[in-house]
Every structure is written in structure tokens, then in C-alpha cells.
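Everything below concerns the one structure shown next.
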Amino acid sequence: MSGYFAGRLLESLVAILGVLTIVFIAARLTGDPAVLLLPISASDADIARMRQELGLDRPLLEQYLSFLANVLRGDFGVSFEHHRPAMQVVLERLPATFELAGVALLIGAAVGIVAGLVAALARGTVLELIAMGVALIGQATPIFWLGIVLILVFAVELQWLPAGGRGGLDHIILPAITLATFTTASIARLLRSSMIEVLKEDYIRTAWAKGLVPRIVYLRHAARNALIPVITMIGILAGELFSGAVVTETIFSWPGVGRVVVQAIETKDFAVVQAGVTVISVIFIGFNLLVDLLYGLVDPRIRIAS
Amino acid sequence: MRRLWRAIRRSPSGLVGIVLVGVFIFTAIAAPVLAPMDPVSIDLANRLGAPTWTLEGPGAHPLGADQLGRDILSRIIWGSRITLVVAVTAVVMSGALGVLLGLLAGFLGGWAERVIMRLADVQLSIPLMLFALLIIGALGPSLFNLIIVLALTGWTRFARIVRGETLSLREREFVMSVRAAGATGLRIMMRHILPNVMTAAIVVATLEVARVVILESALSFLGMGLQPPEASWGRMLAEGRDYIASAWWLATFPGVAILLVVLGVNLFGDWLRDYFDPKLQENR
């Protein structure tokens, strides 16, 4: 039991170390930071002095270890653009990203579950065809395009909702719908096929034979079990949400981590890029760990199997 | 062949997928013949010209003209080439890497398997888009770097499926018998296991193409993909975004093109999976 939890925790720590290593390598690929920081007129001696100051003349392994030590203290260096610690810049933007991703996940779960159940129960009808057709198109729609179309229709033409920025409740509607589309479509399709499978099970036949009313059979006996694969997929969907948030935030000028990272790339403010990628990845890893641990608590088979 | 035809006829969604993919590939190949105009020739007199069939028309451009008066239909047609080349190159690269690593992990087992699968876990613990931004931010935006990023993000799916297949193939009689006959490990892997995992790899590859098309256009949209004046769908969308209030056709049509291609590839991939092996159905 505790072996399973310890094992998962260790795996997560290894994954975090892996992420940090990739971030470190990427930083070394950017080119010589000493040259980037100094004006073009700087002499070779200036560059050499700068390299020494930044510790770039030391062996790579030593640089790597000091990078890790700094990261553990939350120190990713100073942002050129914001003139503040990069970590601070990223953490400030975190609530906005959480808000957007959270609302999108809620919409996705609610609409996706309803659509998936309806499609499974209305098998072979026009209703199923419509629900699954929309879901298929939803999965294929590039979200940056959907965002633009929503702005065109609801902000420019109808002028019902603001086109961007973060503010009252009306500001989050369009970006949240944009970000939720893929999640909704994935949940609906997955739940439909898993519900159809569950309805073929023996225990459902037993439930019918006991003379239970359809509502009880469908919701209490079938839907509960059909939701299990959906819950396992939430970890993957969280990754999609964070990826999608980068694009959605850019379209809607939503002041989140994704937008600040995109802006930092444009201004070559690499400390912010590193901090942003690391923070989001660690949150993602932590979220997946949490999902697995809860899952292990709920379903003993998983603990035993591993 | 007859079985193939019957399988196509029995699945309308598969048929739609095959037609969409077919049209896409044909468009990419025949772009110089199909495009009515030069996709990069600038015509400022016609800038932001409306599509022929709208109320604001009639202009000379079937789907309108962009901010430099370039024909949008021709740019979409030429853009299909870039999309196809980028997607196929990236998927072939990630497929080769993923199949090789999956084979090694499944066949060798032990520490090789642990290292490879842990690497896959690490890769998967960075959300895709952020990984892409990190690498492009470091290397700079270019066609080559874009393909590298797309290839690096895709190999894990191949590796996982191929490893699973290899694990079960390894214990099958025909592998046992060639092993007993004295075949070397490399030979067993390449001659006897590889051909048997290719079906699964091809199905993954098809579905990967859809993912790559979306990711490529998203990165081009963020300005991290192809550089102007090349007609990439994602770039066209990004440029059209600035004219959204006055000229909706700039951003709308490239988006429709991406949607149709991704939808087609997804439908085709699903159909292919069911055709080859219903067991492979992974619920998505």
C-alpha cells in the first residue's frame, strides 16, 4: 500500500528532475548568455569577464548542479524585461491560468458527460449522430481559430461579450468556451464508448432482471462504472488544457502564464521561459500524482497490481 | 482488395475520412495546377478584397484577398504543401525514433526498458505546447526547428504501443522457434518482430498526423513556425486576426482548411484502426 504511494512519488520526482534537465539543456542551446547580455561593442575581455561572473567558465556538471541548487530555492534568475525575479513574474500570472483552466475543465466535464450519456442512451438515433458529429468536429477544430471566430461573432458583430482581457464574469466566457471545446469533445466520445461497453455487462442485465427502473440502472449502475476511464483521462486532459491555455491566453490577451511565456520568447527573456515551463510542468506532474493517488485509494486493484 | 472495398462501404465516416485525406494530398501535389493565382504576388489595389460570392463582391478572388492583395484560395492551396510536408516529415521522424525505442524496450527488457520508458514519462510530463515553446525559444523559429520539435514530441506514443506489442510477440511460438534455430537478437528484432508491429505503428502514425497539423498551425500562429512570405495556414490565420473586424475571410478560410484536414485524418485513422485490428481500439 505505502509501497505504491512511495513508488509513484519517486517516479514524479524523477520526472521533475528530467524536466529540469531538459530546461537546463535548452538554456545552453540558446547561445552564449554573456554575448546576449552585453552590447555588440563589447570586447573579448568584457565577454570573458561576463562569462566568469555568470559562472559559464566552470565545468558543465558544476553549472548543472548550481542550476539545480538555484531552482530548488525558486531562483531562475532575473527577467530582463520585467527587472524582477523570473519566478515572481510567473507566479503572479498563475492564478489567471488556474482560473481559466479550472472553468474550462468544469465546462468540459459537465457538457461532455451529458453529451456522452445522451449519445450512448440514444444509440442509433439522430440525437446520437448530432452529438457525436459535433464532438468529432470539436476535436478537429484548432482552438486558436475557434477563439478568433468567437471573437468575430460575439465581440465584434453582436457586441455581447468583451474580446479580451481579464475582468468580470463576462470576460472569462469566450476564452473558457474556447479552451473547453477539446476537453468536452474528448470526454463525450470516451464516455459514450465506455457507457456502451458497460451496458453490455452481466451486472447490468442483473439490474434489469431485478426490475429496477431505467433511471437507477443507467445512472447508478452503468454511468458510475462508465466514468472510470474518463477519470483516468483527466490527467492527460490537464496537459491538453495547459497547452491550450498558451494559445487561448494569447488570443484573448488573458494575463496568464502561457501568455507571459510567449511574450518572453519574443523578447528573448529566457529566464521567464524557463521558470514558466518548469512551474507548469511541476504542477502538471503534481496533478497527475494526485489523480493516481486518489485513484489508488478508491480502487484497491491498482495498488495491488503495481 | 474486395475486403478493403467492403470495409470502406460499411463505414460512412471512414469514407468521409478517405475522401478528405485524398483531396488534401491531391491538392498538395497538384498545387501549381490548381491554384488560380500566384500565392505570393502582391496586388495592393485589391487589398482585403471580398470573396466573389459575397454582397461586398464581386472581386477577382474566389475566397477574397489578404492585407497585401494576395489571393487567399491560392495561398490555401499552396499552404497544403507545407502542411503535408511538415506533417509527414515530422511523423516519419518521430515514428522511426519511437518504433526503434519501443522495440528495444520491449525486446531487451531490464534497464534498457526502464530507461526508455522513464524517458517517455519525462517527455510526457511537459505539456506539449510548453515543450515546443522551450525548444523553439532556444533554437529560434525555422522550418527545420519546427520539424525537430514536432518529431521530439511524438515518439512516446509510438514507443508505448510498439513496446506493448513487442512484449507479447516476444513470447510467441514463431519467435521462440527462430531463436531456437540460432538467430541473433538483432535479426529476430528486425526480421521477425518489426514487420509485426508495423500495423500498429501505421495506425498511430495516421492519428499523429492530425496532432502534428494542429500543433504546427498553432506554433505558426504564435509566430514560432514558418516565417513569411510562405503561405502556412497557421500564419495566414495569425495575420488575418488583425483584420477580423473588417475582413473576416482572412482568418476564416485557413481555419476551415485545418479543420477539414484534421477531421479527415482523424476519421481515416479511426477507420484504419478498426480495419486492421479492432483490438487496438484505444478509447479516445
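The values are calculated or read from the model by the stated rules, or taken from the named source; none is laboratory data. Not measured: the values here are computed from a predicted model. Cβ atoms come from the backbone with ideal geometry, glycine included; neighbour counts cover every protein chain shown.
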B:A112: part of a helix (DSSP H, G or I), within 13 Å of another protein chain (Cβ to nearest Cβ) and at negative phi, yes or no? no
Does B:G137 qualify as being touching a Phe, Trp or Tyr at 6+ places or on another chain (Cβ under 8 Å), within 14 Å of chain A (Cβ to nearest Cβ), of a type outside the set (F, W, Y) and outside any loop (DSSP other than H, G, I, E, B)? yes
Lone qualifier among B:V265, B:V204 - being surrounded by 24 or more Cβ atoms within 10 Å (Cβ to Cβ), touching a residue at least 12 places away in the same chain (Cβ under 8 Å) and away from every other protein chain (no Cβ under 14 Å): B:V204
Show the residue pairs that are 6+ apart or on different chains and have beta-carbon atoms under 9 Å apart, the first residue being within the range A:82-96 and under 14 Å from A:V71 (Cα atoms), the second being surrounded by 15 or more Cβ atoms within 10 Å (Cβ to Cβ) and among the aromatic types (F, W, Y). A:P85/A:F76; A:A86/A:F76; A:A86/A:F270; A:M87/A:F76; A:V90/A:F76
Which one of the conditions (1) buried (at least 21 other Cβ atoms within 10 Å of the Cβ); (2) at pLDDT below 85; (3) within 7 Å of another protein chain (Cβ to nearest Cβ) does A:P229 fail to meet, given that it meets all the rest? (1)
For the range A:190-306, which fully contained helices (runs of 4 or more DSSP H) count at least 2 residues that are touching a residue at least 24 places away in the same chain (Cβ under 8 Å) and not charged (D, E, K, R)? A:224-251, A:257-266, A:270-298
Any chance B:R157 is under 23 Å from the mean Cα position of the chain (by Cα), among the basic types (K, R) and assigned to a helix (DSSP H, G or I): yes
Taking the stated definitions as given, is A:G133 without any contact (Cβ under 8 Å) to a residue 12 or more places away in the chain, within 14 Å of chain B (Cβ to nearest Cβ) and over 24 Å from the mean Cα position of the chain (by Cα)? yes
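So for the range B:69-78 (the condition being in contact with a Gly (Cβ under 9 Å, 6 or more places away or on another chain) and aliphatic (A, V, I, L, M)), does at least one residue qualify? Steps first, answer last, please.
We begin by selecting, within the range B:69-78, every residue in contact with a Gly (Cβ under 9 Å, 6 or more places away or on another chain); these are B:69, B:71-73.
Applying the additional criterion that residues be aliphatic (A, V, I, L, M) yields B:72-73.
Yes, because at least one residue in the range B:69-78 is in contact with a Gly (Cβ under 9 Å, 6 or more places away or on another chain) and aliphatic (A, V, I, L, M).
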Looking across the range A:241-273 at residues that are over 23 Å from A:V78 (Cβ atoms) and more than 8 Å from chain B (Cβ to nearest Cβ), the single one that is surrounded by the fewest Cβ atoms within 10 Å (Cβ to Cβ) is A:S253
Condition (residue is surrounded by 17 or more Cβ atoms within 10 Å (Cβ to Cβ) and closer than 28 Å to A:Q263 by Cα) applied to the range A:116-126: is it met by at least one residue? no
Filtering the range A:136-168 down to residues that are more than 12 Å from chain B (Cβ to nearest Cβ), exposed (fewer than 14 other Cβ atoms within 10 Å of the Cβ) and either within 26 Å of the chain's Cα centre (by Cα) or closer than 25 Å to B:P254 by Cα (or both) yields A:L158, A:G165, A:G167, A:G168
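Restricting attention to the range B:228-262, and to residues there that are part of a helix (DSSP H, G or I) and among the aromatic types (F, W, Y), which single residue is surrounded by the most Cβ atoms within 10 Å (Cβ to Cβ)?
Step one: list which residues in the range B:228-262 are part of a helix (DSSP H, G or I), which gives B:233-243, B:249-262.
Filter once more, so that each one left must be among the aromatic types (F, W, Y): B:233, B:243, B:249, B:253.
Details: B:W233: 29, B:Y243: 16, B:W249: 21, B:F253: 22.
Top of the filtered list is B:W233.
Select from the range B:116-134 the residues that are more than 7 Å from chain A (Cβ to nearest Cβ) and within 21 Å of the chain's Cα centre (by Cα) and list them in ascending order. Let's see the steps before the verdict.
Restricting attention to the range B:116-134, the residues satisfying the condition of being more than 7 Å from chain A (Cβ to nearest Cβ) are B:116-117, B:119-120, B:123-124, B:131-132.
The answer is B:A120, B:Q123, B:L124, B:F131, B:A132.
Condition check ((1) buried (at least 19 other Cβ atoms within 10 Å of the Cβ); (2) among the basic types (K, R); (3) touching a strand residue (DSSP E or B) at 6+ places or on another chain (Cβ under 8 Å)) across all residues:
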residue: B:V92; (1), (2), (3): no, no, no
residue: B:G102; (1), (2), (3): yes, no, no
residue: B:A105; (1), (2), (3): yes, no, no
residue: B:R118; (1), (2), (3): no, yes, no
residue: B:L124; (1), (2), (3): yes, no, no
residue: B:L128; (1), (2), (3): yes, no, no
residue: B:F131; (1), (2), (3): yes, no, no
Taking the conditions exactly as written (modelled with pLDDT under 80 and either under 13 Å from the mean Cα position of the chain (by Cα) or assigned to a loop (DSSP other than H, G, I, E, B) (or both)), does B:E216 satisfy them or not? no
